[in-house]
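Engineer: Below is one structure. I have some questions about it.
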Amino acid sequence: MAELLLEIFSEEIPARMQAKAESDLGAALEKALGEAGLSWSALETASGPRRLTVFVDGLTDRSADVKEERKGPKVGAPEKAVEGFLRGAGLSDISQAEVRSDPKKGDFYVAVIETPGRDAKDIIAEAVPAIIRGFHWPKSMRWGAGELRWVRPLQRITCVLDGQVVPFDVDGLASGNETEGHRVHGRGPYTVTGRKDYEAQLSGAGHVKLTRDERRQVILDGIEKVCAEASLEWIEDKGLLEEVVGLAEWPVVVLGNMDPDFLTLPPEVIQLSMRTHQKYFAVNDKKTGKLAPNFIVVANIDAADGGKKLAEGNSRVLSARLDDARFFWDLDKAKPLEEMAEKLSTIAFKAELGSLGDKVERVAALARELAPKVGADPDLAERAARLAKADLVSEMVGEFPELQGVMGRYYALEAGEPEAVADAIRDHYKPQGPSDTVPTDPVGIAVALADKLDTLVGFWAIDEKPTGSKDPFALRRAALGVVRIVLDNGIRLRLRSESASHSIHVILTILQNAAAELENGDVKVRELRELVKSGAFDRAEKTLKEIKVQESQPSQSRKDKEINELLRSTEGWHNDLLSFFADRLKQYLRDQGQRHDLIDAVFALGEDDLVLITRRVEALGAFLDTEDGANLLAGYKRAANILRAEEKKGELPENLSVNADLIAKGPAEEQALAKALTEVQAAIETPLEKEDFTGAMAELAKLRGPVDAFFEGVMVNDDDAAVRANRLALLTQIRDTLHRVADFSRIDG
Amino acid sequence: MTAPEAKSKPKSFQDIILRLQNYWAAQGCAILQPYDMEVGAGTLHPATVLRALGPKEWRAAYVQPSRRPKDARYGENPNRLGHYYQYQVILKPNPANLQDLYLESLYEIGIEPTVHDIRFVEDDWENPTVGAWGLGWEVWCDGMEVSQYTYFQQVGGLDVFPVSGELTYGLERLAMYVFGVDNVYDLPFNDPESDVPLTYGDVFLENEKQQSAFNFEHSDVEMLKRWFADCENQSNALREAGKPLPAYDYALKASHTFNLIDARGAISPTERQAYIARVRDLARGAAAQWAEQEEARAGA
């Protein structure tokens, strides 16, 4: 049994990549050793800013000999068959094969291939270079004049098996038995013979905490200690903690001070400055529970002066950052929010879709329209929408784009706006990702929906939709945001008509924009053409010219007519946008465990109210889980298959209607089915109207018995053409009745 | 290897520059002078951007005045300047011990390794206007970014080989750190004990004030837009004439003109992208042509 130590030592590995690389390296080595026929008792890994390490214990010294027999053709088989056999088994002559006898088949050839075991050393020497060459980093690079790729330049490969170097070479870098410690405290190099020795030297003279766990613990202990001493409370930040765990080989926690005057800044600004720029932890004052004028920094050095200078240095850097922030904050507060909002008209949102000011106008109109539907005050919704984007021209958001909305809220409160307006300004960007919450206050909901719908309708109108992995305007996120806001708040919205009516606003902007350019004499024909190219706007150019002509004799009704005509041509992209929403909804419901096919089945009905769609899907799922539901689905499929077969033969006659007289003469099962269909068709109307889908499904369940009995006792393909046609009509009724609830043809099963 | 040691503390801003010059000269770098055009960063000097391309070895170091109109603050901000200096080093191919050489250069200018916390923090550098990117770090000294350290991977949209190691020192910040000064204008520019002691403010404060006013108030945006178009045309024409070096100069002029337009806040994020794309096309085109010519010259 042998012990293996592998360390891959490089220049600083990005903190966010270390943990994954550590586990990938362990897995790759396990796979390679296992496939080569070695076994081991334990494999452990470690990682840090400059190294990935694997320890393997109880490794077999050699892989076992393998004997494999391969059956060949009969003795006397055609030459070609023998040749193929020799090639496959790696033999040069048939005399190398054995001849075996089988009482039934007679004599045949067998190749006995013996592969001798290999020394672990040789296997490792082959495996490690291959792992290094094929290793996957999120981003890798070349350096110097070499061809190898690694995350940063590779400096050393330490590979020691039972005290001996496993010799190999990767792109000119030879394996060895030396490692390095902390640059300042104990660089080394250290010659190592195995794990124990490696750990002892590095954690001792080398000043390296090898594992993430060790470093995390040191940091947490350090934080606890400095906080206890200064009566502070750490504001837990796991993401940042994991990052700093990867930034120091020898973490030392140091408490720094900041000028208390900075505490007049919004806490979000201070924390963001600390976190993103400096990777400092913020702390609260234990007594007040509010931000304290301190910060915690994790250094990579046990400084000779106890950390005094480095704490001062860090404090000075933070001061400079916060000075900047305060400069912006004061500047912004001196400017009324409305004045900022006015400036939005000078900033383009997207060339064809006008300025941010244009967008705000559209969003304000839409928010006002949506307000009653979401239970918000229309005035407040419009006000919030008008101010929602104003902070984009603020200095602070220019510096910290992450604070968009957050700063707007502060500035709105400073300006004396109602709290609901201020909160809506902050919340209208939500949800910003799968883990973000959705707005729940009605005003916030109205603005958030209006903003996202406007963006989506706009980009669809100019035909700039996401393709493949490219979604530069985060349109998928916007659509998923709409889905989540609507469903989480149970908002009833007809998406199709909302987006259709809103598209009038969007198209107006587009036309105004293009017209303005025409009047300037600086016609960007190319741009206009591109706009027109989108297909939905194949008539835009003509319309645009006509609008221009009419400007001297403005006739609102003529203009409306033009727009209406244009709108009609937009039906194509409205359907497309709706199916984009459908895809997001599917994704959302799928994540919640709903069946993909059921969602399709409900969507096929053309429903555009997301809440109703979801309820239908849920009711349908529950129904199909019952025996009645499953059997009715089977009956439906049978009916649909017969109809499809008929359609293949030739068109089914139009207006297939059921002839009651013929039914009355038919068998009892046929009569029963016809009766049940009539009854159920009438009975499902009320629950459907009341949006009681479970009730509607319960009615449908009553069809199960008659449908089963019909298929059991009645031949559809009767010799009498009239009887046959009548039965096909019954089948279409089964199909159409079920389609009132969902398109069952899209359900698997 | 024994623990690293710092040299004596420098006396002035210019002392830091002189020590860096001497240090990198000793590493075999050609000590060049600043490029005589407005650039936003030392990287844009052809000695870096263009020399990073092609197969030839190259080592150079130089100070580059950098103009960033948007960062100007009328001389009122102690940390931000519209005009400042970068110290730029390029080694192609990068030597295997470049990190050590870099750290020694910090010790050379008086940074004590045993009390300061020097860290290499991931920062994938990119400069979209010249289609360049590389992997490397921001180097932090006690939480302050004192350098950008990059292994170039692409320039002008082309893969580079061999790979250059590029170091950019923010000289003012570094000096403020070394001297423990909170306001850049208080930095001793020359030896404070000399006959005519000068601070950074004596040299540059008035310039910052007037240039800020130009950047934010007096620049003629319409004129700048015309200039931009002219530079663009000239650069394209030069490239068509097979002269990538002046073509690159005019790409730089276009780039700086764009920065001036941008400082006025006169363009939207999307327009901004369009401008950047136009500059990038010029710079990429010039770089690609230069690389082609270098390959041909190396082959001949």
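Engineer: Quick one: 3J(HN,Hα) in Hz for the stretch A:479-491, Karplus 6.51/-1.76/1.60 with θ = phi - 60°, rounded, Gly and Pro as x.
Structural biologist: Calculated HN-Hα couplings, in order: 5, 5, x, 4, 4, 5, 4, 5, 6, 5, 9, x, 8 Hz.
Engineer: Looking at chain B, I'd like the Rg to Rh ratio, where Rg is from alpha-carbon atoms and Rh is Kirkwood's inverse mean 1/r.
Structural biologist: Working: Rg = 19.7 Å, Rh = 20.2 Å.
My calculation puts Rg/Rh at 0.98.
Engineer: Among A:S499, A:A461, A:A127, whose Cα sits farthest toward the positive end of the charge dipole of chain A (+1 at Cβ of Lys/Arg, -1 at Cβ of Asp/Glu, about the Cα centre)?
Structural biologist: Value computed over the given set: A:A127.
Engineer: Separate question: To check you understand DSSP bridge types, tell me what percent of the beta bridges within chain B (both residues inside) are antiparallel, rounded to 5.
Structural biologist: Working: 40 of 42 bridges.
Within chain B, antiparallel bridges account for around 95 percent of the total.
Engineer: How do A:H502, A:H136 rank by accessible surface area computed with a 1.4 Å probe, from largest to smallest?
Structural biologist: On the way: A:H502 5, A:H136 130 Å².
My answer, sorted largest first, is A:H136, A:H502.
Engineer: Residue farthest toward the positive end of the dipole of the stretch A:302-347, with Cβ of Lys/Arg at +1 and Asp/Glu at -1: which of A:W329, A:L344, A:A304?
Structural biologist: With unit charges placed on the Cβ atoms, the residue in question is A:A304.
Engineer: How large is the Kirkwood hydrodynamic radius of the stretch A:611-746, counting all unique pairs of alpha carbons, in Å? Intermediate values should be presented prior to the final figure.
Structural biologist: On the way: mean 1/r = 0.0652 Å⁻¹.
With all distinct Cα pairs of the stretch A:611-746 included, I get 15.3 Å.
Engineer: In what sequence, largest accessible area first, do A:W250, B:W227, B:W133, A:W137 appear using a 1.4 Å probe? All intermediate terms of the calculation are to be shown ahead of the outcome.
Structural biologist: Details: A:W250 40, B:W227 130, B:W133 80, A:W137 10 Å².
These residues rank, largest area first, as B:W227, B:W133, A:W250, A:W137.
Engineer: While we're looking at this one, here's another question. Just tell me how shielded A:64-73 is by partners: mean number of partner chain Cβ atoms within 10 Å of each residue's Cβ, no decimals. Before the final figure, lay out each step's value.
Structural biologist: Details: counts 0, 0, 0, 0, 0, 0, 0, 0, 0, 0.
Per residue, the number of nearby Cβ atoms from other chains is 0 on average.
Engineer: Now a separate question. Determine the relative contact order of the stretch B:51-199: mean sequence separation of Cα pairs under 8 Å and six or more apart, normalised by residue count, in whole percent. Intermediate values should be presented prior to the final figure.
Structural biologist: Working: 271 pairs, mean separation 33.6, N = 149.
Relative CO of the stretch B:51-199 lands at 23 percent.
Engineer: If you take the accessible area of B alone, add that of A alone, and subtract the area of the pair, what total do you get in Å², probe 1.4 Å, to the nearest 100? Present the calculation step by step, with values, prior to reporting the outcome.
Structural biologist: Details: alone 13970 and 36270 Å², together 46210 Å².
Looking at B and A, the buried total is near 4000 Å².
Engineer: Let me ask something else. Between B:F214 and A:K335, what FRET efficiency follows from the Cβ-Cβ distance if R0 is 25 Å, with the result rounded to 0.05? Write down the numbers at each step before the final one.
Structural biologist: Values: r = 23 Å, r/R0 = 0.92.
About 0.60, to the nearest 0.05.
Engineer: Kindly report the accessible area of chain B per residue (heavy atoms of protein chains, probe 1.4 Å, no ligands, DNA or RNA), in Å². Mind dumping the intermediate values first?
Structural biologist: Numbers: 11910 Å² over 300 residues.
Per-residue value: 40 Å².
Engineer: Using a 1.4 Å probe and ignoring any ligands, DNA or RNA, find the accessible area of B:Y35 and quote it in Å² to the nearest 10.
Structural biologist: Accessible area of B:Y35: about 50 Å².
Engineer: Separate question: Per residue, how large is the accessible surface of chain A? Use a 1.4 angstrom probe and give square angstrom. Display every interim value, and only then the final one.
Structural biologist: Values: 34310 Å² over 749 residues.
Dividing the accessible area of chain A by its residue count gives 46 Å².
Engineer: Report, in debye and to the nearest 20, how large the dipole of the stretch A:400-481 comes out about its Cα centre when Lys and Arg carry +1 and Asp and Glu carry -1 on their Cβ. Before the final figure, lay out each step's value.
Structural biologist: Working: 8 positive and 13 negative charges, 75 e Å.
The dipole magnitude comes to about 360 debye.
Engineer: Quick check: the distance between the Cα centres of the stretch A:1-35 and the stretch A:373-414, to the nearest angstrom?
Structural biologist: So the separation of the two Cα centres works out to 48 Å.
Engineer: OK, next. Which residues of the stretch A:316-336 end up with at least 50 Å² less accessible area in the presence of all protein chains than when their chain stands alone, using a 1.4 Å probe?
Structural biologist: Hits at the 50 Å² cut-off: A:R316, A:D324.
Engineer: Of A:A27, A:A619, A:P431, which is farthest along the charge dipole of chain A in the positive direction, counting Lys and Arg as +1 and Asp and Glu as -1 at C-beta?
Structural biologist: A:A27
Engineer: Could you look at chain A and say what percent of its accessible area is carbon and sulfur, using a 1.4 Å probe and all protein chains?
Structural biologist: Details: 16610 of 34310 Å².
Answer for chain A: carbon and sulfur cover 48 percent of the accessible area.
Engineer: Next question, about the same structure. Mind checking the dipole of the stretch A:208-282: about its Cα centre, +1 per Lys or Arg Cβ, -1 per Asp or Glu Cβ, Debye to the nearest 20?
Structural biologist: 260 debye
Engineer: Using 7 Å Cα-to-Cβ label points, what is the A:K649/A:D719 separation (nm, one decimal)?
Structural biologist: My value for the distance between the label points is 1.6 nm.
Engineer: Using the Cα centre as the reference, give the magnitude of the dipole from point charges on the C-beta atoms of the protein assembly as shown (Lys, Arg: +1; Asp, Glu: -1; all else neutral), rounded to the nearest 20 debye. It would help to have the intermediate numbers written out before the result.
Structural biologist: Working: 126 positive and 171 negative charges, 324 e Å.
Roughly 1560 debye for the protein assembly as shown.
Engineer: Classify the stretch B:76-132 as rounded, prolate or oblate from the Cα gyration tensor: take a ≥ b ≥ c as the square roots of its eigenvalues, call it rounded if a/c is under 1.5, otherwise prolate when a/b beats b/c and oblate if not. Let's see the in-between values first.
Structural biologist: Details: a/c = 1.88, a/b = 1.09, b/c = 1.73.
Because a/c hits 1.5 or more and a/b fails to exceed b/c, the stretch B:76-132 counts as oblate.
Engineer: Can you give me the solvent accessible area of B:C141 with a 1.4 Å probe, rounded to the nearest 10 Å²?
Structural biologist: We get 0 Å² for B:C141.
Engineer: What whole number of Å gives the distance from the Cα centroid of the stretch B:29-64 to the Cα centroid of the stretch A:287-309?
Structural biologist: One Cα centre to the other: 40 Å.
Engineer: Give the dimensionless ratio obtained when the Cα radius of gyration of the stretch A:212-333 is divided by 2.2 N^0.38 Å.
Structural biologist: Values: Rg = 14.2 Å, N = 122, 2.2 N^0.38 = 13.7 Å.
Its radius of gyration relative to the 2.2 N^0.38 Å reference: 1.04.
Engineer: Kindly identify residues of the stretch B:90-116 having a loss of at least 50 Å² in accessible area between the isolated chain and the assembly of all protein chains, probe radius 1.4 Å.
Structural biologist: Buried by 50 Å² or more upon assembly, which counts only protein chains, are B:Q99, B:T114, B:V115.
Engineer: With just the Cα atoms defining each centre, how far is the stretch B:147-189 from the stretch A:578-612? Give it in Å.
Structural biologist: The stretch B:147-189 and the stretch A:578-612 have Cα centres spaced 53 Å from each other.
Engineer: Another question, then. Obtain the nm distance between the two label points defined at A:L605 and A:R494 by a simple spin-label model: each point lies 7 Å from its Cα along the Cα-to-C-beta direction.
Structural biologist: 1.6 nm
Engineer: Follow-up. Ordering A:I485, A:I131 from largest to smallest accessible area (1.4 angstrom probe), what's the sequence? Don't skip to the end; give the middle numbers.
Structural biologist: Numbers: A:I485 0, A:I131 20 Å².
Accessible-area ranking of A:I485, A:I131, largest first: A:I131, A:I485.
Engineer: To continue, here is another question. Using only the Cα atoms of the protein assembly as shown, build the gyration tensor, take square roots of its eigenvalues as a ≥ b ≥ c, and label the shape rounded, prolate or oblate: rounded if a/c is under 1.5, else prolate if a/b is larger than b/c, else oblate. Write down the numbers at each step before the final one.
Structural biologist: Working: a/c = 1.91, a/b = 1.24, b/c = 1.54.
Cα axes put the protein assembly as shown in the oblate bin.
Engineer: Run the helix sum for the protein assembly as shown: -39,500 (n - 2.57) per DSSP H stretch of 4+ residues, divided by residue count, reported at 222 nm to the nearest 500 deg cm²/dmol.
Structural biologist: On the way: 37 runs with 524 residues, N = 1049.
Calculated at 222 nm, the ellipticity per residue is -16000 deg cm²/dmol.
Engineer: Okay, which of the stretch A:698-718 sit inside 11 Å, backbone N to the point 7 Å along the Cα-Cβ direction of A:I642?
Structural biologist: Answer for this model: A:707-718.
Engineer: Next up: Expressed as a rounded percentage, what relative contact order does the stretch A:318-469 have, with Cα pairs under 8 Å and six or more residues apart?
Structural biologist: 23 percent
Engineer: Still on this structure, please answer the following. Just the number, please: percent antiparallel of the DSSP beta bridges in the protein assembly as shown, rounded to the nearest 5.
Structural biologist: Values: 95 of 99 bridges.
The antiparallel fraction comes to roughly 95 percent.
Engineer: A further question follows. Relative contact order for chain A using alpha-carbon pairs under 8 Å, separation at least 6, rounded to a whole percent? Could the numbers behind the result be given before it?
Structural biologist: Values: 1121 pairs, mean separation 51.9, N = 749.
That works out to 7 percent.
Engineer: If a/c stays under 1.5 just call it rounded; otherwise compare a/b with b/c (prolate if a/b is bigger, oblate if not). Do that for the stretch A:67-115, with a ≥ b ≥ c from the square roots of the Cα gyration tensor eigenvalues.
Structural biologist: Details: a/c = 2.20, a/b = 1.21, b/c = 1.81.
Note, shape of the stretch A:67-115 comes out oblate.
Engineer: Give me a single rounded figure for A:145-151: the average over its residues of other chain Cβ atoms within 10 Å of their Cβ.
Structural biologist: Going residue by residue through A:145-151 and averaging, the value is 2.
The values are calculated or read from the model by the stated rules, or taken from the named source; none is laboratory data. Bear in mind the structure is a predicted one, so any value in this text is a computation, not a measurement. Positions of Cβ are generated from backbone atoms using ideal geometry, with glycine treated the same way; all protein chains shown enter the neighbour counts. Side chains are part of the model used for accessible areas, which takes the heavy atoms of the whole protein and leaves out ligands, DNA and RNA. Shrake-Rupley method; radii C 1.70, N 1.55, O 1.52, S 1.80 Å.
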